[in-house]
């Protein structure tokens, strides 16, 4: 991408406050080296309690992001804070701004709102600090950077990753999901998308397997899992098992869940809170194919035109 003009990116903090010692300048420099021209929103480094400024500050930042010229909007970090401002967001107006909104973690709430209220495609992908804050450009995850570049330039057509689960699965449907705690926190609200025959992906961090299972069971009992064509598991890490678990771990959760739903559960999606993060078109129609130990997600080349 470096041989052409850098692609403008507007960076906002819609959730948690950026820590005073966060490598903001380094992350911006790394993003520049990846072929982008980032501009930090004026309220991006504000702090009120654990939030990046007041609710009003963060709503205004989202409004500025929609109104400014850059076609891509990225968040600095996740944390917590979007669910409390969902009622104040006009998702149809935000969709009309035709931006590529990118983020993960707490940003799942924004992405659910965009899909539920405006049928708009957003991008589940990198955050500024988590994915571009590395010591040097060379230290960044190559696949994370490359898929983000391809997704933003419109060149991303297929994603392949090593997986485990049912073989020979072929499906087509709406790709949706994100952070499991946020997904469950929106169930029963107007911002939970009604997706039938979709491909749901989930990830979480610092959640014990029994808490992960409890959340998945909530989606199961609510009928969400049975209505999907496939469920993709991203990374679930950051937890510590105890003696009381006696072998109850994430593989045990997956094994049990497979006995509870006919929907294929496929593990290994490189998406979570660590390592490689693919950039996924949230709310877009995709095709999924499992061949042996490889899962392919085939993107509809026109998906980014659906966001209106």
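The values are calculated or read from the model by the stated rules, or taken from the named source; none is laboratory data. Treat the numbers as computed from the prediction; the structure is a model and nothing was measured. FYI the Cβ positions are ideal-geometry reconstructions off the backbone, even for glycines, and counts take in every protein chain you see.
Restricting 278, 299 to those that are in contact (Cβ under 8 Å) with a residue 24 or more places away in the chain and farther than 25 Å from residue 207 by Cβ reduces the list to 299. Take the conditions surrounded by 23 or more Cβ atoms within 10 Å (Cβ to Cβ) and either out of contact with any strand residue (DSSP E or B) (no Cβ under 7 Å at 6 or more places or on another chain) or in the same structural domain as residue 106 (by TED's automatic domain parsing) (or both) and apply them to residue 182. Does it pass? When the stated conditions are applied, residue 182 passes them. Just for segment 44-53: of the residues that are in contact with a strand residue (DSSP E or B) (Cβ under 8 Å, 6 or more places away or on another chain) and either in contact (Cβ under 8 Å) with a residue 40 or more places away in the chain or in a loop (DSSP other than H, G, I, E, B) (or both), which one is surrounded by the most Cβ atoms within 10 Å (Cβ to Cβ)? By that ranking, first place goes to 52. Checking residue 76 against (1) assigned by TED's automatic domain parsing to the domain that holds residue 35; (2) surrounded by fewer than 23 Cβ atoms within 10 Å (Cβ to Cβ), which single condition isn't satisfied? Result: residue 76 fails condition (2) only.
If only residues of segment 246-273 that are in a loop (DSSP other than H, G, I, E, B), touching a residue at least 60 places away in the same chain (Cβ under 8 Å) and in contact with a helix residue (DSSP H, G or I) (Cβ under 9 Å, 6 or more places away or on another chain) are counted, the one that is nearest to residue 231 (Cα to Cα) is 264. Of all residues in segment 137-185, those being free of Cβ contacts under 8 Å to residues at least 12 places away in the same chain and under 14 Å from residue 282 (Cβ atoms) number 0. Take the residues in segment 274-294 that are farther than 22 Å from residue 115 by Cα and part of a loop (DSSP other than H, G, I, E, B); name whichever of them is modelled with the lowest pLDDT. If we take residues in segment 274-294 being farther than 22 Å from residue 115 by Cα and part of a loop (DSSP other than H, G, I, E, B), then 274 is modelled with the lowest pLDDT.
Listed conditions (1) touching a helix residue (DSSP H, G or I) at 6+ places or on another chain (Cβ under 7 Å); (2) surrounded by fewer than 20 Cβ atoms within 10 Å (Cβ to Cβ); (3) closer than 29 Å to residue 6 by Cα are all met by residue 88, apart from (3).
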